[in-house]
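The values are calculated or read from the model by the stated rules, or taken from the named source; none is laboratory data. Everything quoted here is computed from the prediction, not taken from an experiment. Positions of Cβ are backbone-derived with ideal geometry, glycine not excepted, and every protein chain shown enters the neighbour counts. Quick note on the areas: whole protein, heavy atoms, side chains included, nothing else; ligands and nucleic acids left out. Shrake-Rupley method; radii C 1.70, N 1.55, O 1.52, S 1.80 Å.
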Amino acid sequence: MKKLRARFKLWLSSEDAEGAFGDGKWRLLKAIDNKGSLNAASKSLRISYRKAWGDLKKAQEALGVNLVEKQRGGVLGGKTTLTGQGEKWVKAYTKFRSDIEKEVAKAYKRHIARLVK
């Protein structure tokens, strides 16, 4: 058997919004920060622009903050940047996810690793 590893999907939900924020929206915000536009970010993640925009709207409504700022095109084209709140969410979620990964790895070692040869 090939070596196994623990994998997980993580998201935050509220009573009003299932999947308010999670790995997908986190990756989208990181891609926007890296690429400078929602269009380029959605292409790099291989999701449609419509899905990307819908995910952003859902997260912003659920969290009650603006995560991105859009500037319409023109001669130089449009751009999308993270707001201060968007940057805070990316940074906090990155640390949160890292903590969870460490705990999952510990639990894997305690419960599963000994079964895998």
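Looking at Leu10, Leu45, Leu28, can you tell me which residue is within 30 Å of Lys102 (Cβ to Cβ), touching a residue at least 40 places away in the same chain (Cβ under 8 Å) and in contact with a helix residue (DSSP H, G or I) (Cβ under 9 Å, 6 or more places away or on another chain)?
Leu10 is the lone residue from the list that is within 30 Å of Lys102 (Cβ to Cβ), touching a residue at least 40 places away in the same chain (Cβ under 8 Å) and in contact with a helix residue (DSSP H, G or I) (Cβ under 9 Å, 6 or more places away or on another chain).
Consider the stretch 78-95. How many of its residues are open to solvent by 50 Å² or more (accessible area, probe 1.4 Å) and either in contact (Cβ under 8 Å) with a residue 24 or more places away in the chain or farther than 20 Å from Ser13 by Cα (or both)?
5
Pull out all pairs, ordered by first then second residue, where Cβ-Cβ is under 9 Å, the residues are six or more apart or on different chains, the first lies in the stretch 101-117 and is assigned to a loop (DSSP other than H, G, I, E, B), and the second is open to solvent by 100 Å² or more (accessible area, probe 1.4 Å) and among the charged types (D, E, K, R).
Val116/Lys3
Taking the options Ala17, Ala6, name whichever one is hydrophobic (A, V, I, L, M, F, W, C), over 30 Å from Lys117 (Cβ atoms) and modelled with pLDDT under 95.
Result of the check over Ala17, Ala6: Ala17.
Condition (residue is in a loop (DSSP other than H, G, I, E, B) and of a type in the set (Phe, Trp, Tyr)) applied to the stretch 1-8: is it met by at least one residue?
yes
Based on this model, can you work out whether Arg27 counts as in a helix (DSSP H, G or I), open to solvent by 90 Å² or more (accessible area, probe 1.4 Å) and either acidic (Asp, Glu) or out of contact with any strand residue (DSSP E or B) (no Cβ under 7 Å at 6 or more places or on another chain) (or both)?
Against the criterion (in a helix (DSSP H, G or I), open to solvent by 90 Å² or more (accessible area, probe 1.4 Å) and either acidic (Asp, Glu) or out of contact with any strand residue (DSSP E or B) (no Cβ under 7 Å at 6 or more places or on another chain) (or both)), Arg27 qualifies.
Within the stretch 30-42, can you find the residues that are closer than 16 Å to Arg72 by Cα and in a helix (DSSP H, G or I)?
Hits for the stretch 30-42 are Ile32, Lys35, Leu38, Asn39, Ala40, Ala41.
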